[in-house]
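Undergrad: Sending over a structure as structure tokens; questions will come in a sec.
The values are calculated or read from the model by the stated rules, or taken from the named source; none is laboratory data. All values derive from a computational prediction rather than experimental measurement. Positions of Cβ are backbone-derived with ideal geometry, glycine not excepted, and every protein chain shown enters the neighbour counts.
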Amino acid sequence: APRVLSGIQPTGPFHWGNYFGAIQQYVDLQDQAAEAYYFIANLHALNTVRDRAKLQEYTLNGAIDLLALGLKPEKAVLFVQSDVPEVSELCWLLLTGTPMGLLERCVSYKDKMAKGLKADAGLFTYPVLQAADILAYDSNVVPVGEDQIQHIEVCRDIAGSFNHHFGETFVMPKAQVLDASAKVPGLDGEKMSKSYNNTLAVFDDVKAQRKQILRITTDSRPMEDPKNPEGDVLFDLYKLVATETQVADMTALYARGGFGYGEVKKALADAAEAYFAAARERRADWAARPDDVRDVLKAGAEKARAKAAATLARAQAACGAKGY
Ligand code: ATP
Ligand code: MG
């Protein structure tokens with residue numbers, strides 16, 4: 001059975017892309033894994049969130065969301081990234097062997113640059129901290145959305161060259177992506193992303209979310225015409241939250257025509273509300289006892305630290321940063 005690890009940034013409320021691309025896999029894998037480590041990546045989030053109170057709030061809320069969505073503290077180790085300082089030390093060891101060109105090629109960095117976000121060294125070196133996160137726990141499998149595949153490749157490159165130079169030290173991880181939800185589209189049709197302001201939050205207020213769905217722009221085909229489900233954001237989102245029968249009915253409706261997109265939007269909002277209803281209740285329950293959530297995170301951090309400390313010691317010994 002594999003050792004599984006994944007992290008998610010507390011850069012804002014978690015959205016459907018996070019859930020269907022990543023969190024759903026966390027939940028499924030916690031039952032199959034030998035060990036499963038899931039963390040709130042608050043050090044990564046510092047690249048984006050420069051407000052102390054917000055970062056703290058998003059961090060705790062992120063943990064509450066993961067618990068509400070089905071992570072079981074007795075099966076999975078749930079913790080906050082900064083509670084394991086060993087990873088930041090490991091990051092340094094890895095930074096020393098990482099070619100600039102490897103990071104310059106990273107698409108997520110290039111995308112953010114192209115969108116005019118400011119470049120700091122933290123954003124540029126973020127794949128190396130991510131590599132340290134992954135390697136610290138001897139992870140075999142990293143469940144992620146498609147946008148992270150390149151970063152896992154970078155991690156493999158870094159681990160491979162360290163192993164080659166200093167001897168077998170790190171376990172080679174591989175990315176695991178779900179075909180059906182590798183890249184969930186946002187309200188504007190681009191990848192749904194916290195930093196692109198195009199998200200449907202998993203736990204938004206039901207009425208607010210309904211309004212947001214009603215505002216999604218659609219093509220201007222006349223009512224009576226058949227509609228094309230290919231590349232249709234409404235249809236893509238509906239597939240995620242509707243039952244199989246509902247999807248089959250909607251497919252038939254699209255082929256037939258004779259409806260307005262308003263109907264699809266209403267169906268989407270209804271299906272979303274039903275899909276997340278149980279999780280919403282669990283969320284209210286966890287949110288009412290934040291100290292219990294903090295206890296879960298503290299216990300998780302202890303387990304995670306023990307593992308990361310062993311890996312760090314191994315890496316230090318391998319490269320000569322220990323023993324003299
Ligand atoms: P940010 O904009 O701050 O980078 P994000 O929305 O991309 O935030 P991350 O914390 O970077 O979220 O990613 C957490 C996990 O969610 C990753 O595994 C990532 O691949 C996955 N993910 C994010 N957006 C999507 C999406 N639209 N479709 C599928 N998976 C996604
Ligand atoms: Mg991201």
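Undergrad: Of all residues in the stretch 120-160, which are over 27 Å from Q32 (Cα atoms) and in contact with a Lys or Arg (Cβ under 8 Å, 6 or more places away or on another chain)?
TA: The one that is over 27 Å from Q32 (Cα atoms) and in contact with a Lys or Arg (Cβ under 8 Å, 6 or more places away or on another chain): L123.
Undergrad: Taking into account only those residues within the stretch 125-184 that are away from ligand 2 (no atom under 14 Å from the Cβ) and aromatic (F, W, Y), which is farthest from L29 (Cα to Cα)?
TA: Filtering first and then ranking leaves F166.
Undergrad: Among the residues of the stretch 97-124, which ones are outside any loop (DSSP other than H, G, I, E, B), away from ligand 2 (no atom under 14 Å from the Cβ), within 30 Å of A180 (Cβ to Cβ) and not aliphatic (A, V, I, L, M)?
TA: Across the stretch 97-124, there are no qualifying residues.
Undergrad: Spot the failing condition for A175; the list is (1) closer than 18 Å to N18 by Cα; (2) more than 10 Å from ligand 1 (Cβ to nearest atom), and only one is missed.
TA: (2)
Undergrad: For the condition more than 16 Å from ligand 1 (Cβ to nearest atom), surrounded by 20 or more Cβ atoms within 10 Å (Cβ to Cβ) and either modelled with pLDDT under 95 or over 25 Å from F14 (Cα atoms) (or both), what is the one hit in L95, L102, L67, L90?
TA: Numbers: L95 fails: surrounded by 20 or more Cβ atoms within 10 Å (Cβ to Cβ); L102 fails: surrounded by 20 or more Cβ atoms within 10 Å (Cβ to Cβ); L67 fails: either modelled with pLDDT under 95 or over 25 Å from F14 (Cα atoms) (or both).
Going through L95, L102, L67, L90 in turn, just one is more than 16 Å from ligand 1 (Cβ to nearest atom), surrounded by 20 or more Cβ atoms within 10 Å (Cβ to Cβ) and either modelled with pLDDT under 95 or over 25 Å from F14 (Cα atoms) (or both): L90.
Undergrad: Those residues that are touching a residue at least 40 places away in the same chain (Cβ under 8 Å), under 15 Å from L240 (Cα atoms) and within 22 Å of the chain's Cα centre (by Cα), I need them from the stretch 265-296; list them, please.
TA: A272, E273, F276, listed by residue number.
Undergrad: Let me ask something else. Out of E224, E244, I need the residue that is more than 12 Å from ligand 1 (Cβ to nearest atom), of a type in the set (D, E, K, R), at pLDDT 95 or above and surrounded by fewer than 19 Cβ atoms within 10 Å (Cβ to Cβ). Which one? Break it down into steps so the answer makes sense when it comes.
TA: Working: E224 fails: at pLDDT 95 or above.
Result of the check over E224, E244: E244.
Undergrad: Please state which one of V202, V177 is buried (at least 21 other Cβ atoms within 10 Å of the Cβ) and either at pLDDT 95 or above or within 24 Å of A272 (Cα to Cα) (or both). Full working, then the answer.
TA: Details: V177 fails: buried (at least 21 other Cβ atoms within 10 Å of the Cβ).
So the residue among V202, V177 that is buried (at least 21 other Cβ atoms within 10 Å of the Cβ) and either at pLDDT 95 or above or within 24 Å of A272 (Cα to Cα) (or both) is V202.
Undergrad: Give the stretch 90-106 a look and list any residue that's within 19 Å of N47 (Cβ to Cβ), out of contact with any Asp or Glu (no Cβ under 8 Å at 6 or more places or on another chain) and not hydroxyl-bearing (S, T, Y), or say none.
TA: From the stretch 90-106, those within 19 Å of N47 (Cβ to Cβ) are 90-92, 94-95, 98, 100, 102-106; that's our starting set.
Within this subset, residues satisfying the condition of being out of contact with any Asp or Glu (no Cβ under 8 Å at 6 or more places or on another chain) are 90-92, 94-95, 98, 100, 103-106.
L90, C91, W92, L94, L95, M100, L103, E104, R105, C106 - these are the residues of the stretch 90-106 that are within 19 Å of N47 (Cβ to Cβ), out of contact with any Asp or Glu (no Cβ under 8 Å at 6 or more places or on another chain) and not hydroxyl-bearing (S, T, Y).
Undergrad: Provide a single number: the residues in the stretch 27-39 that are under 13 Å from the mean Cα position of the chain (by Cα) and more than 19 Å from L135 (Cβ to Cβ).
TA: Adding up the residues that qualify gives 1.
Undergrad: Right, L187: part of a helix (DSSP H, G or I), at negative phi and away from ligand 1 (no atom under 11 Å from the Cβ) or not?
TA: The answer is no for L187.
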